Amino acid sequence: MPFFTSDRERRLWIWTLIVIAAIYSTLGPAQVLVAMLRERNLLRISFALILVMIGIAIIWRWVKRPPGWREIGVWLAAAAVYAFAFFRVETPEERTHLIEYSLVAILIYQALLERARQGRHVPYPGVLAFGATVSLGFLDEGIQAVLPLRVFDLVDVGFNTLAAFMAIIVSMALEWARGSRFRDLRMRLKTRD
C-alpha cells in the first residue's frame, strides 16, 4: 500500500516540506537580511510585496474557479481578521510568522483532508493540522535558541499558534462555503446504494 493516497496528497506534503525548509533555512541569515532591508527602507515594501503576491494567488484561483457568494463572504471575513492581526503586530518580522505558519497549517490541513477523502482514517484533520503546525513553530523557536544572535521567544510561538488557528478556521469555513463536505458525503452515500 503506497504511503500517499493520491498525487495531490503527495504534492501537498512536498510543498509543506519545502515551506518548512525555507522557514528553517532562513533562521541564521534572517537577522542580517532584515537589518539590510530595514537600513535601505525596503522592509515594509518587501512585506507589502509578499501580501500583493498572496492577493494575486487568490485572484488567480478565483479566475480559474469563480467563488460563490458564501465563499466571497468567508474571504472578506478572513481578510478583515488577517488585516486586524497585521495592524496589531508592530514589526514586519513578527507579521511574517502569520504568513509562514498560516501557509504551513493550510498545507498540512489540506494534505490530511485529501488523505481522508481518499478513504484513509484521519481523525479530526483540523486538530491534527493545528497540533503539527504548533509543534513545528516550537521547533522553529527551539532552533533559534541555539543560534547566535537569535533567542527563543514565546511571543513568536504565540504568533505561530495564532496563524495556525486562523488558517485552519478559514480553511474549514471555505470548505463549508464551497459545500465540498456535503458533496463528498452525498457521493459516498450514492456509492453505497
- Item | So Arg65, is it within 18 Å of Ala164 (Cβ to Cβ) and loosely packed, with under 13 Cβ neighbours inside 10 Å | no
- Task: Starting from region 92-115, keep only residues that are of a type in the set (Asp, Glu), then list their pairs with residues that are in a helix (DSSP H, G or I) whose Cβ atoms are within a distance under 6 Å, requiring at least 6 positions of separation or different chains.
- Result: Glu93/Val34; Glu94/Phe159; Glu100/Ile23; Glu114/Arg8; Glu114/Glu9
- Message: Return the residues of region 1-31 that are more than 15 Å from Glu100 (Cα to Cα) and loosely packed, with under 11 Cβ neighbours inside 10 Å; say none if nothing qualifies.
- Response: Met1, Pro2, Phe3, Asp7, Pro29
- Close pairs (7 angstrom Cβ cut-off, 6 or more residues apart or separate chains): touching a residue at least 24 places away in the same chain (Cβ under 8 Å) in region 35-62, part of a helix (DSSP H, G or I) and aliphatic (A, V, I, L, M) anywhere: Leu43/Val34; Leu43/Leu37; Ser46/Leu37; Ile50/Ile99
- Item | Flag for Ile106 being surrounded by fewer than 21 Cβ atoms within 10 Å (Cβ to Cβ) and either assigned to a helix (DSSP H, G or I) or among the charged types (D, E, K, R) (or both) | no
- Note on the structure: Within region 164-179, restricting to residues that are touching an Asp or Glu at 6+ places or on another chain (Cβ under 7 Å) and crowded, with 17+ Cβ neighbours inside 10 Å, the one that is nearest to Gly137 (Cα to Cα) is Leu174
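Looking at region 120-143, can you tell me whether even one residue there is of a type in the set (D, E, K, R), more than 24 Å from Ile50 (Cα to Cα) and in contact (Cβ under 8 Å) with a residue 40 or more places away in the chain?
For region 120-143, residues of a type in the set (D, E, K, R), more than 24 Å from Ile50 (Cα to Cα) and in contact (Cβ under 8 Å) with a residue 40 or more places away in the chain: present.
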- Task: Tell me which residues, restricted to region 111-154, are among the aromatic types (Phe, Trp, Tyr) and modelled with pLDDT under 95.
- Result: Tyr124, Phe138, Phe152
- Message: For a quick check of your reading of the model, give me the residue pairs whose first member lies in region 148-159 and is at positive phi, whose second is exposed (fewer than 10 other Cβ atoms within 10 Å of the Cβ) and in a loop (DSSP other than H, G, I, E, B), with beta-carbon atoms closer than 7 Å and at least 6 apart or on different chains.
- Response: none
- Message: Go through (1) part of a helix (DSSP H, G or I); (2) closer than 18 Å to Thr161 by Cα for Glu90 and report which single condition fails.
- Response: (1)
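Just need a number here: residues in region 1-29 that are more than 15 Å from Arg115 (Cβ to Cβ) and without any contact (Cβ under 8 Å) to a residue 40 or more places away in the chain.
7
The values are calculated or read from the model by the stated rules, or taken from the named source; none is laboratory data. These numbers come from a predicted model, not from an experiment. All Cβ positions, even for glycine, are placed from backbone atoms using ideal geometry, and neighbour counts span all protein chains on display.
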